[in-house]
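Data block below; observations after.
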Amino acid sequence: MKLNPKEKAVLAGVLRDADDLTNLDPTSLGLPHGRTLGAVKMKIADAEAGYVTLNLAGWIGHAPSPSESVMFHRAYKRLEALRLVDRVNLYGYSERTSHLRLTDAGERIARRITDGRCSPKTRSTSSGMKS
């Protein structure tokens, strides 16, 4: 299966964010008890269940333009059609995607993308939108 650089950036970004969050200890952040700490704990619990908040700016290394947002939305839909990710809205009642979850096949491919010459963040920005 041939994936374009945007799809690879999404897979690598979801994997990296999920790994980062599941290895995070919220008490080490020094946040006061309250809403902020609760929000971090919810993100960690979501990541432990495999769900990662959409973080397009983090995955591509800059704030996305409106046209990039549209192109990446198409990438999410294609990855879902290929059964590499599940798109969900965990905390809302609309059809808008709020979280992505890698399927087993998606995780295998994402690990292959991120293993190797450079870190996932570098790879997702350097794979960047030119190829």
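The values are calculated or read from the model by the stated rules, or taken from the named source; none is laboratory data. None of the values given here were measured: they were computed from a predicted structure. Accessible surface is based on the protein model in full, side chains and every heavy atom, while ligands, DNA and RNA are left aside. Shrake-Rupley method; radii C 1.70, N 1.55, O 1.52, S 1.80 Å.
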## Note on the structure
Per the rule of 0.36 nm per residue minus the C-alpha distance, extending E48 to S69 adds in nm 4.9 nm
### Query
In nm, what is the difference between 0.36 nm times the number of residues separating T103 and K2 and their Cα-Cα distance?
34.6 nm
#### Entry: Vicinal HN-Hα couplings computed from phi for region 101-109 (Karplus, 6.51 cos²θ - 1.76 cosθ + 1.60; Hz; Gly/Pro x)
9, 6, 7, 4, 5, x, 5, 4, 5
### Message
Give me the 1.4 Å probe accessible area per residue for region 1-83, excluding ligands and nucleic acids, in Å².
### Response
57 Å²
### Compactness index (Cα Rg / 2.2 N^0.38 Å), region 1-86
1.23
### Task
Would you pull out the residues with amide H under 5 Å of T103's amide H, same chain only if 5 or more places away, H placed 1.01 Å from N?
V85, D86
